[in-house]
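Read-outs throughout are calculated quantities, based only on the coordinates presented, and are distinct from any laboratory measurement. Since the structure is predicted, the reported quantities are computational estimates derived from the model, not experimental observations. In this analysis, Cβ positions are derived from the backbone assuming ideal geometry, glycine residues included, and neighbour counts consider all displayed protein chains.
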Amino acid sequence: MQMLQAWRCALLSLALGVSSLAGAANPPLKVFISVDMEGITGVYSAKEVSRGEPDYPYFREIMTRDTNAAIEGAFAAGATDVLVREGHGGMNHLLIDMLDKRVRIVRGPTHPQSMMVMMEGFDDSFDAVVLLGYHASTNYPNSILPHTMGKEVVYFKVNGQSQSEGSYNALIAGRYDVPVVMLAGDKAACEEARKIIAPNMEVVAVKEALNGGVITLHPQTARKLIRDATERGVRNRASIRPYKLTPPYAITMKVDEPRKLMAGASLNAAGEIEFTSPDLYQALNAMVQMW
Ligand SMILES: [Zn+2]
């Protein structure tokens, strides 16, 4: 496995025209950081995460600074390679020149046929996943800007378990036995993550919903917590279980608007779209096609 990882790393380095970031003394330790925006420190309104709005550039900078805190924590834990995936709509919000120069960044939307979305660039060579700026699923109580992928999605479940964007990504990582070691976002997102993904994963609640607004940590305080929790999570990765469900994978999805059902999918009496596959990626892919 180690040889395979080194080979992959070398190949990717070659493809990108950069030299390997792996230090000679350290064994390879690859950390994948997926960054959404609704759960970034201080954010409470959709306008703050929407391009063209006056406060968007400011929160874009906060998002970048929060990301640097996670990157710093990952390297402090011994990471030799950190890949950052932009996970907010359009996948192009980080001020990349301000990011820690040790990372590479995956930008831009995924091919519409791919189920990777917020995990694009992830593969089995990674050792730990960090989710930053995350929010709870649609209709989750006391949450800030909750939603689950497509805006018409009311909910989706895998094997009866309701999923969030964070747990969807954890399933992708879990397919290769890679744990999500840390999630930062609003308090509701943190609660939901510990319920679904892993009870002992690190979480940082940078803010909490408050009567339509938010009570937030000071950004500098939040960044210190993000840095330290990422470091602890990556160090303790062996004790955090990867999120896995038992095959076959039964998808149940409720969407607000009628959808064209793909081959193999059906509509049940409750108006939910159902699709089952023995292969997790095929099941998630079917959901992506119909949400
Ligand atoms: Zn999101």
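Distance between the C-alpha centres of segment 271-291 and segment 209-266: 18 Å, rounded to the whole angstrom.
Just want the ordering: 123, 256, from fewest to most Cβ atoms lying within 10 Å of their own Cβ. Can you show the working numbers first?
Values: 123 15, 256 11.
So the residues, fewest neighbours to most, are 256, 123.
Computed on the chain, the Cα convex hull volume stands at 133 Å³ per residue. In straight-distance terms, cross-link reach from residue 47 covers every one of the aspartates and glutamates whose alpha-carbon lies under 16 Å from its own, apart from those fewer than eight places away in the same chain; here that gives 36, 38, 55, 61. In this structure, the amide hydrogen of residue 204, modeled 1.01 Å from its nitrogen in the peptide plane, lies closer than 5 angstrom to those of 183, 184, 185, counting only residues at least 5 positions away or on a different chain.
Counting other Cβ atoms within 10 Å as a rough exposure proxy, the listed residues 45, 34 run 45, 34 from fewest neighbours to most.
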